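Asker: Here's a structure for you.
Values quoted throughout were computed directly from the atomic coordinates according to the rules given, and no laboratory measurement underlies them. None of the values given here were measured: they were computed from a predicted structure. Every residue, glycine among them, receives a Cβ derived from its backbone with ideal geometry; neighbour counts consider all protein chains shown.
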């Protein structure tokens, strides 16, 4: 699996909840601006992701790829994307942009580093509007 294929499976997971088992056992997930800065291990990540998904106050309806940047390292891409979702409390559609660094080795994701627009996410969830 290439990094681009892995990102496609991640997008599918965000929208459908279908687990594709693309994570390497030694997976590292980093969210420098998130509440949890670093998660080590695929099983730990799966547990946290399942709980987080169940608690989400939004249903994702689209994941729009803005750009995928190849790097000089064939294992690594940088992706710019936008998640769109319906906020349960208001029924409004909101979106936020992200940047991710994805490393795939031997067909499995070994690193996902995601930079989130936390201010936009917080505004969308607390106020129902970001404009």
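Asker: Quick one: which of 46-56, 24-34, 104-114 comes out on top by average Cβ neighbours within 10 Å, and what's the full order, highest first?
Answerer: Ranked by mean Cβ neighbours within 10 Å, highest first: 104-114, 24-34, 46-56.
Asker: Got the relative contact order for segment 3-127 handy, in percent, Cα pairs under 8 Å and 6 or more residues apart?
Answerer: Computed value for segment 3-127: 26 percent relative contact order.
Asker: Enter the angle in degrees (range 0 to 90, nearest 10) between the Cα long axis of helix 118-127 and the first principal axis of the Cα atoms of the chain, meaning the one along which they spread out most.
Answerer: The answer is roughly 30 degrees.
Asker: Moving on to the next point. Helix 42-55 against the longest principal axis of the chain: what's the angle in degrees, Cα atoms only, rounded to the nearest 10?
Answerer: 10
Asker: Same structure, new question: Once both axes come from the Cα atoms, what is the angle between helix 3-16 and the longest principal axis of the chain, in degrees from 0 to 90, rounded to 10?
Answerer: Orientation of helix 3-16: about 30 degrees from the principal axis.
Asker: Okay, next question. Over the Cα atoms of the chain, what radius of gyration and what Dmax do you get, in Å?
Answerer: When restricted to Cα atoms, the chain yields Rg and Dmax of 14.6, 44 Å.
Asker: Looking only at the chain, where both bridge partners belong to it, what percent of the DSSP beta bridges are antiparallel (to the nearest 5)?
Answerer: Counting DSSP beta bridges with both partners in the chain, the antiparallel share is about 90 percent.
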